[in-house]
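A.B. asks: Structure in structure tokens, see below.
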Amino acid sequence: MTVPAAKQRWAALRTRYHWLDHVLVAYQQYTDTKGNYYAAGITYFSFLAIFPLMFLAVSVSGFVLGNNSDLHDELFDNITKNVPGGFGDTLKTAIDAAIDQRAAVGLIGLVGVLLSGLGWIANLRQASNSVCGVDPIKRNFVMAKLIDGVVMIGFGIGITLSLVLSVGGTAFAHQVAEALNVDHIWGAAAGFSVLGLLLAVLGDMIVLLWVFARFPNARIPRWVLLRGALLAALGLEVLKFIGTAYIARIATSPLYGVLGSIIGVLVWINLVARYLLFTTTWTATASGVVLDPAAADAAAAAELARIEAEQAVEPELSPTQELELELRSRWRRR
């Protein structure tokens with residue numbers, strides 16, 4: 001097949017299959033707007049947020065263990081049994097230090113989460129608008145940070161609801177199955193796995209719907225939002241499965257160990273960021289999407305005003321036309 005014939009066949013395929021043309025258009029815009037560059041920024045802020053989150057987790061654990069002596073003693077007994085030697089003593093000392101310094105550690109973690117979270121939200125907003133080919137809404141610094149703070153809180157609530165829906169729904173289904181004594185039936189385990197996957201996809205869709213609707217400066221129809229969120233949620237679950245399997249395997253390797261796990265987390269976050277921005281571009285390039293709605297509304301209002309002004313202005317008549325109009329009026333009165 002010659003090159004012109006191949007190009008013609010490829011063009012025919014794009015014309016015939018709209019979904020294929022849509023994917024290619026979205027990918028072209030994603031590369032033209034430097035989507036990978038913004039994905040790297042999201043990766044940086046996401047990885048940076050891990051450490052203050054760890055501080056918060058240590059602080060919460062310190063408060064729980066400090067107020068529950070039985071749990072504290074049980075944890076130390078398990079460490080003594082499973083972590084022999086000097087490392088076990090070091091771990092116990094670290095836990096006691098976390099309990100003693102839980103307030104200070106929590107404050108440091110909270111400030112770190114706030115700063116890194118605001119940077120993450122701002123970077124994601126800028127990236128979403130860039131891959132969509134529009135400019136973000138201009139706000140002053142204080143107002144922008146306040147809005148980003150509210151968005152960060154909403155984002156955290158959405159992720160929490162997603163986790164509760166996924167993990168809690170699956171656990172509830174298992175409890176119901178045990179109560180009905182059907183958990184031993186063949187296929188029940190597979191059914192619970194499918195249910196857990198569906199709940200995870202639904203939870204991801206809740207968060208992604210909110211991201212696609214609020215972050216880009218665009219007016220996106222609901223059916224387009226649903227399709228984009230579903231596509232992003234399905235891909236995200238695939239990436240979760242791959243990332244979990246890879247990190248679990250690399251963490252047990254004596255050659256790579258901790259360093260391999262850190263690199264694996266970085267690569268996984270970057271893949272998630274790239275896929276998220278690509279699905280954002282895919283959603284924004286769908287038919288019916290209005291990019292920069294404020295500018296579009298202003299242009300539509302200006303055009304409507306121009307048309308109304310043209311219709312309101314009466315055309316000026318020449319003296320001959322005025323005389324002809326007067327004669328016709330007299331003739332009708334006769």
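A.B. asks: Among the residues of the stretch 121-143 satisfying the criterion of being aliphatic (A, V, I, L, M) and surrounded by fewer than 17 Cβ atoms within 10 Å (Cβ to Cβ), which is farthest from Thr283 (Cα to Cα)?
C.D. replies: Val142
A.B. asks: Looking at Gly243, Gly288, Gly203, which one is modelled with pLDDT under 85 and in a loop (DSSP other than H, G, I, E, B)?
C.D. replies: One residue alone meets the criteria, Gly288.
A.B. asks: I would also like to ask the following. Which residues, taken from the stretch 223-247, are of a type in the set (Gly, Ala, Ser) and surrounded by fewer than 16 Cβ atoms within 10 Å (Cβ to Cβ)?
C.D. replies: Once the filter is applied, which keeps residues that are of a type in the set (Gly, Ala, Ser) and surrounded by fewer than 16 Cβ atoms within 10 Å (Cβ to Cβ), the stretch 223-247 yields only Ala245.
A.B. asks: While we're looking at this one, here's another question. Only one of Asp73, Asp77, Asp100 is surrounded by fewer than 16 Cβ atoms within 10 Å (Cβ to Cβ) and at pLDDT 70 or above. Can you tell me which?
C.D. replies: That would be Asp100, the only listed residue that is surrounded by fewer than 16 Cβ atoms within 10 Å (Cβ to Cβ) and at pLDDT 70 or above.
The values are calculated or read from the model by the stated rules, or taken from the named source; none is laboratory data. Fair warning: this is a prediction, and the values are worked out from it, not measured in the lab. For neighbour counting, all protein chains shown are included, and Cβ atoms are generated from backbone atoms with ideal geometry for every residue, glycine included.
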